[in-house]
Amino acid sequence: MDTASTVVRRSTVEYAPDLLLDLVRPAEAEHPLPAIVWVHGGGWRLQDRTACPDLVQHFAGHGYVMVSIDYRLAPETCHPGQLFDVRRAVRWLRANAADHGIDPDRIGVWGSSAGGHLAALTGVHSGATRLPGEEPATVDSSVQAVVDGYGPADLPGLVDLSTERAPGEDHSPEASLLGGAIRDRPDAARSASPALQVAPGAPPFLVMHGLGDNLVPFTQSVALYDALVAHGNDAILYLIEGFGHGFFNPGHVLELGPDQTLDQGHLERDPQAPASTRAVTDFGRALTERYPSASFAAVEAFFSHTLKPGTRTP
């Protein structure tokens, strides 16, 4: 399906069996544009590609092809199936770039919660031609920029292995993802932990997390940032005062279902909330000086610098 307006053109495409992606792109682009892949949240168990920000505002209207993807859900599909799906979507976009006005050398990934986790995993494995168990491919799976919103990054760090098993461990979202509780699946938990899979050569990362998050501790994002920097990668971290979980989503997106009210819509409502920031490069420091508070404008500035050649530092 392909529909057009004077502002954007929208398409829905099957990129793999029973998996769809939505594309939103400027209607009148004179040259190929960078693409940003949105990866939805929902604890790996819920939601689909429609659980996303307003992709016209964020950021097709700024000259990007925005893409929101489905991926297979847990517990029917366990890790690394979801990661394979994100990588498959990236390959599909690269292979079909000419048909959709995409520059195949400029693809970023952005996610919320479980989607942030998958975006981060996609980034840290960006240089891998083929992961263990992954289907052979002739197209590159790399991404050139990552924005991770409050995703789990160190799954073993979510449980205290020195204590007795907590009542909810066997039924947690992580247990669904791994096919068993974290303490029972240590190898899978490490494999599914972006902070524990980091190596040199990762693309630039922007990581945002609310200090009031009571679902995924903000220390998870600190662990990811520290691991990226320790391996010589470019990373920027925002820790936002008064923010909880789910703030990238608009108010109508209920990431964990109708019984779970998260902090959706908060970033749109409060782009000036106090935040502490960390950065190691000149660009990162310039970005956090220009945007001391977390905001969609800061996210777009990050993507502009990493995906649009010749963009000036903020």
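The values are calculated or read from the model by the stated rules, or taken from the named source; none is laboratory data. The structure presented is a predicted model; accordingly, all values stated were derived computationally and were not measured. When we count neighbours, we look across all protein chains shown, and the Cβ atoms used for this are built from the backbone with ideal geometry, even at glycine. For accessibility, only protein heavy atoms count, side chains too; no ligands or nucleic acids. Shrake-Rupley method; radii C 1.70, N 1.55, O 1.52, S 1.80 Å.
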Counting only residues that are within 20 Å of the chain's Cα centre (by Cα) and under 27 Å from Val65 (Cβ atoms), which one in segment 267-287 is most open to solvent (accessible area, probe 1.4 Å)?
-> Glu268
Count of segment 184-210 residues which are in a helix (DSSP H, G or I), of a type in the set (Gly, Ala, Ser) and out of contact with any Cys (no Cβ under 8 Å at 6 or more places or on another chain) | 3
Among the residues of segment 136-156, is any in contact with a Ser or Thr (Cβ under 8 Å, 6 or more places away or on another chain), open to solvent by 10 Å² or more (accessible area, probe 1.4 Å) and within 20 Å of Gly43 (Cβ to Cβ)?
-> yes
Would you please name the residue that is modelled with the highest pLDDT, looking only at residues in segment 154-175 that are assigned to a loop (DSSP other than H, G, I, E, B) and within 22 Å of Leu73 (Cβ to Cβ)?
-> Ser172
The condition of being touching a residue at least 60 places away in the same chain (Cβ under 8 Å), in a loop (DSSP other than H, G, I, E, B), within 28 Å of Leu155 (Cβ to Cβ) and in contact with a Phe, Trp or Tyr (Cβ under 7 Å, 6 or more places away or on another chain) holds, among Ala74, Ala51, only for Ala74
Quick one: is Ala195 among the small types (Gly, Ala, Ser) and modelled with pLDDT of 95 or more?
-> yes
Can Gly115 be described as modelled with pLDDT of 95 or more and either hydroxyl-bearing (Ser, Thr, Tyr) or under 16 Å from the mean Cα position of the chain (by Cα) (or both)?
-> yes
Read through the list (1) in contact (Cβ under 8 Å) with a residue 12 or more places away in the chain; (2) under 21 Å from Tyr64 (Cβ atoms), then give the number of the only condition that Ser221 fails.
-> (2)
From the list Leu215, Leu178, pick out the single residue that is at negative phi and modelled with pLDDT of 95 or more.
-> Leu178
Go through segment 230-266 and give me each residue that's open to solvent by 50 Å² or more (accessible area, probe 1.4 Å), at negative phi and at pLDDT 90 or above.
-> Ala230, His231, Glu241
Where a residue in segment 248-269 is β-branched (Val, Ile, Thr) and its partner, wherever it lies, is modelled with pLDDT of 75 or more, with Cβ under 7 Å and at least six apart | Val253/Ala51; Val253/Gln264
Contacts under 9 angstrom Cβ, first residue in segment 9-33 being closer than 19 Å to His58 by Cβ and open to solvent by 80 Å² or more (accessible area, probe 1.4 Å), partner in a strand (DSSP E or B) and of a type in the set (Ser, Thr, Tyr), 6 or more apart = Arg9/Thr3; Arg10/Thr3
Which number in (1) open to solvent by less than 10 Å² (accessible area, probe 1.4 Å); (2) part of a helix (DSSP H, G or I) marks the one condition that Val109 misses?
-> (2)
Segment 170-183: number of residues that are more than 15 Å from His117 (Cα to Cα), in contact with a Lys or Arg (Cβ under 9 Å, 6 or more places away or on another chain) and open to solvent by 20 Å² or more (accessible area, probe 1.4 Å) = 2
